[in-house]
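**Student:** Starting off with a structure, shown below.
The values are calculated or read from the model by the stated rules, or taken from the named source; none is laboratory data. Predicted model, so just to flag it, every value in this text is computed and none were measured. Note: ideal-geometry Cβ built from the backbone for every residue, glycine included; neighbour counts use all protein chains shown. Heads up: the accessible areas ignore ligands, DNA and RNA and are worked out on the full protein's heavy atoms, side chains in. Shrake-Rupley method; radii C 1.70, N 1.55, O 1.52, S 1.80 Å.
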Amino acid sequence: MNIPNSQKQMMMSLSKERKVALLNMECETKSVDPAKILKYILLVQECDRRKVRKKANETRFLNTLKELEISLRTNNIHWVQNFLDEHNGLQYLIEYISFRIDFELQMKTKTDTRKFTSSPTPPPATSSLRSMRDKSIKSSPHVNDLHVCMLCLKAIMNNTNGLHAVLGHRECLTQMTRVMLVSQLRTTTLILDLLSAVCHIEDLNGHRKVIEAVDAFSMSKGETHRFQALVYHFYDNSCTMEFRLSCLGFIYYLCNSAPDVKYRVRLYHEFSELGLDDFLDVSIAGSCVKFLLTDCVARH
């Protein structure tokens with residue numbers, strides 16, 4: 001069984017009968033065939049390329065991805081390892097994520113072009129803050145395929161071997177951050193939580209790889225300052241408290257996990273230059289976010 005070090009002592013203290021029951025439960029877990037799921041992902045991707053995907057099949061495909069996520073989260077270590085090694089499942093998943101991001105960006109560009117050409121008057125000028133707020137990141141009760149893909153990556157990262165596979169892949173974290181270009185608010189929140197966790201993994205250069213992924217996102221977004229879109233979305237009054245907590249958690253772990261003190265100070269300065277300190281002092285004094293910020297400062 002793939003048991004985290006923090007839980008090994010608790011597992012060893014269980015009775016012999018309970019240990020046997022847990023082993024039997026793991027061995028008897030029923031799961032879907034990863035080969036069938038990956039073949040279906042390729043089929044859907046090809047349909048998107050040919051623009052022949054039917055809306056009636058979208059629900060079926062979403063349910064298939066959910067089955068994959070459940071299998072990655074609940075099956076034993078051997079099933080997950082088989083998915084990663086024998087079927088190259090992580091690569092298939094990343095390729096699909098990359099394709100979906102590019103597809104959504106193309107559709108968004110076409111939509112914006114039609115709106116501009118059909119408008120009799122030029123659109124009114126907007127502030128740089130408002131221009132960074134895409135409709136795609138607004139909160140939505142619906143779960144799309146990219147969100148489920150992020151849940152799949154989360155399930156893979158809960159496994160020691162899976163975590164090594166994710167951080168050892170040269171594009172995985174980059175594609176994860178690129179999802180924020182087209183994602184819902186809840187998906188962005190999930191991604192920030194995952195990146196925060198990766199920052200702690202020193203032996204796999206987690207912090208450096210998160211910085212590289214953030215830089216790739218900044219280039220894709222066309223930011224004039226790194227972290228600009230993240231901080232500006234944080235300013236948006238329509239965002240949820242959960243999102244703001246994830247933002248602050250990400251900022252805290254990103255800054256304080258930096259191995260070099262000078263680089264840590266540089267990261268703090270970047271966020272300060274974007275006005276984060278002033279916003280926190282003026283807008284959310286006394287809230288639970290203020291408590292989190294106070295806790296972060298107290299530790300350093």
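**Student:** Quick one: in the stretch 58-114, which of the residues that are in contact (Cβ under 8 Å) with a residue 40 or more places away in the chain, in a helix (DSSP H, G or I) and of a type in the set (S, T, N, Q) is surrounded by the fewest Cβ atoms within 10 Å (Cβ to Cβ)?
**Tutor:** Across the stretch 58-114, the extreme among qualifying residues is T74.
**Student:** Answer yes or no as to whether L267 is open to solvent by less than 20 Å² (accessible area, probe 1.4 Å) and not polar (S, T, N, Q). Quick ask: steps written out before the conclusion?
**Tutor:** Details: open to solvent by less than 20 Å² (accessible area, probe 1.4 Å): yes; not polar (S, T, N, Q): yes.
Yes: the conditions hold for L267.
**Student:** Suppose we keep only residues that are out of contact with any His (no Cβ under 8 Å at 6 or more places or on another chain) and modelled with pLDDT under 90 within the stretch 201-218. Which one would you say is most open to solvent (accessible area, probe 1.4 Å)?
**Tutor:** Checking each candidate, the answer is E202.
**Student:** Taking S139, is it of a type in the set (G, A, S) and at pLDDT below 50? Working first, answer last.
**Tutor:** Details: of a type in the set (G, A, S): yes; at pLDDT below 50: yes.
Yes, satisfied.
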